[in-house]
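Have a look at the structure below, then the notes.
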Amino acid sequence: VSSLVDFLMTNLLGEDGALTNVILLRLLRLLRLARLVKALRLSIFRTLHVILQGFVSGGPVLLWAVVVLIGLIYIFALVLNQLLKDEPEFGTVLDSMSTLFGCVTEGCMRISERIRQKHGVIILIGHVLGYIMISVGVFNLIMALFIDNVVTTQAERKQRELSDSSEAVELALKEVLVDLVVQSKASGVPSEVEEELRSLERIFPKNNAARVRAQFDCLSGVGISIRQDQMIVWAENERFLDVLESSDIDANNKAALFDALDADLGGSLTLPEMYSGLMKLRGPVTKADIIATRLKVRHMVARMAEHGEDST
């Protein structure tokens, strides 16, 4: 739309007309950049999107790093301006800052060698210590803080995305599980249940969320069990794999997926167990997962200790 309006205004009014410099026309041309923003949502640009997000989140760290670096260079420039004022590279504070910045980024062996021969070893020792402090200490500290900030921000953003997309993932998982169970002959879905599922489609023709939840609850009440061999067949289904990938569930090790969900080692899973297990597999391991595991293990140890005391 913006391109069409831009074309009409340019051709009807003339590129050199009175309204050429109108702010509205310039803004309409800038709106074309919105296409690039929309393009970043495609899966092919996911890595680029992450890089841009990391650069934006690390912006404050880089800003303060520049402030700290300029401050240190300014302090050293004041000292060297007083000690080496007769040298052309340190004649003024600004010249000293420019020289020091070149030393910490590109090196200044010729200047340091000339100053050492003229002013002694003490100046050389100061130059070496200052270079190590800034190049090795400050630069590495800035890099570590930048990486830590980017990783922490990305993890927090990932958790927010998982929380915001939980409802959409719920519907997608329930819908694909219902379809797989109905299509699988090994599931043994009764004919009356299939008829009830079709009636729910007629009852909720437009409300997809209500229909999916009702169909899932209907199948959950039947008590259908899913065996490992069925899960292996489902793991080859492209639609099922796409839902797992979009839900941020790691399905690379398809054989171990059923074992991870089968907590009681019963060899089968109910539909609610599979759904709740898949929802818990979303995203990376968090601190909450580790603490929850530790508390449950502590609770199990306490219960076993109580059981041992009662038996004795």
- Scan region 156-195 residue by residue and report those that are basic (Lys, Arg) and either under 35 Å from the mean Cα position of the chain (by Cα) or within 15 Å of SER276 (Cβ to Cβ) (or both). ARG157, LYS158, ARG160, LYS174
- Of all the residues that make up region 212-223, how many are β-branched (Val, Ile, Thr) and surrounded by 19 or more Cβ atoms within 10 Å (Cβ to Cβ)? 1
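So that you can scan it fast, the table gives a plain yes or no per residue for (1) touching a Phe, Trp or Tyr at 6+ places or on another chain (Cβ under 6 Å); (2) part of a helix (DSSP H, G or I); (3) free of Cβ contacts under 8 Å to residues at least 24 places away in the same chain; (4) loosely packed, with under 12 Cβ neighbours inside 10 Å:
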{"position": "ASP86", "(1), (2), (3), (4)": "no, no, yes, yes"}
{"position": "SER96", "(1), (2), (3), (4)": "yes, yes, yes, no"}
{"position": "GLY107", "(1), (2), (3), (4)": "no, no, yes, no"}
{"position": "ILE132", "(1), (2), (3), (4)": "no, yes, yes, yes"}
{"position": "ARG157", "(1), (2), (3), (4)": "no, yes, no, no"}
{"position": "LYS174", "(1), (2), (3), (4)": "yes, yes, no, no"}
- Please list, ordered by first then second residue, the pairs with beta carbon atoms under 7 Å, 6 or more apart or interchain, first in region 264-278 and more than 18 Å from ARG213 (Cβ to Cβ) and open to solvent by 60 Å² or more (accessible area, probe 1.4 Å), second part of a helix (DSSP H, G or I) and at pLDDT below 90. none
- Task: Consider only pairs whose beta carbons are under 9 Å apart and that are at least six residues apart or on different chains; among these, list those whose first residue lies in region 206-228 and is free of Cβ contacts under 8 Å to residues at least 12 places away in the same chain and whose second residue is open to solvent by less than 50 Å² (accessible area, probe 1.4 Å).
- Result: ALA210/LEU200; ARG211/LEU200; GLY221/VAL193
- Message: Looking only at region 277-312, filter to residues that are out of contact with any helix residue (DSSP H, G or I) (no Cβ under 8 Å at 6 or more places or on another chain) and among the hydroxyl-bearing types (Ser, Thr, Tyr); which one of those is nearest to ALA251 (Cα to Cα)?
- Response: THR293
- Query: When you look at GLU245, is it open to solvent by 90 Å² or more (accessible area, probe 1.4 Å), assigned to a helix (DSSP H, G or I), under 30 Å from ILE44 (Cβ atoms) and not polar (S, T, N, Q), yes or no?
  - Reply: yes
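Looking at PHE258, PHE240, which is the one that is at pLDDT below 85, assigned to a helix (DSSP H, G or I) and aromatic (Phe, Trp, Tyr)?
Just one listed residue meets the conditions, PHE258.
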- Long-range neighbours under 7 Å by Cβ, at least six apart or interchain, first residue outside any helix (DSSP H, G or I) within region 57-80, second open to solvent by less than 60 Å² (accessible area, probe 1.4 Å): GLY58/PHE146; GLY58/ASN149; GLY58/VAL150
- Task: Identify all residues within region 47-84 that are hydroxyl-bearing (Ser, Thr, Tyr) and either in contact with a Cys (Cβ under 8 Å, 6 or more places away or on another chain) or open to solvent by less than 40 Å² (accessible area, probe 1.4 Å) (or both); write none if there are none.
- Result: SER57
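The values are calculated or read from the model by the stated rules, or taken from the named source; none is laboratory data. Small disclaimer: the values here were computed from a predicted structure and weren't measured. No Cβ is skipped: glycine too gets one built from the backbone with ideal geometry, and neighbour counts run over all protein chains shown. Please note that ligands, DNA and RNA were not included when accessible areas were found on the heavy atoms of the full protein model with its side chains. Shrake-Rupley method; radii C 1.70, N 1.55, O 1.52, S 1.80 Å.
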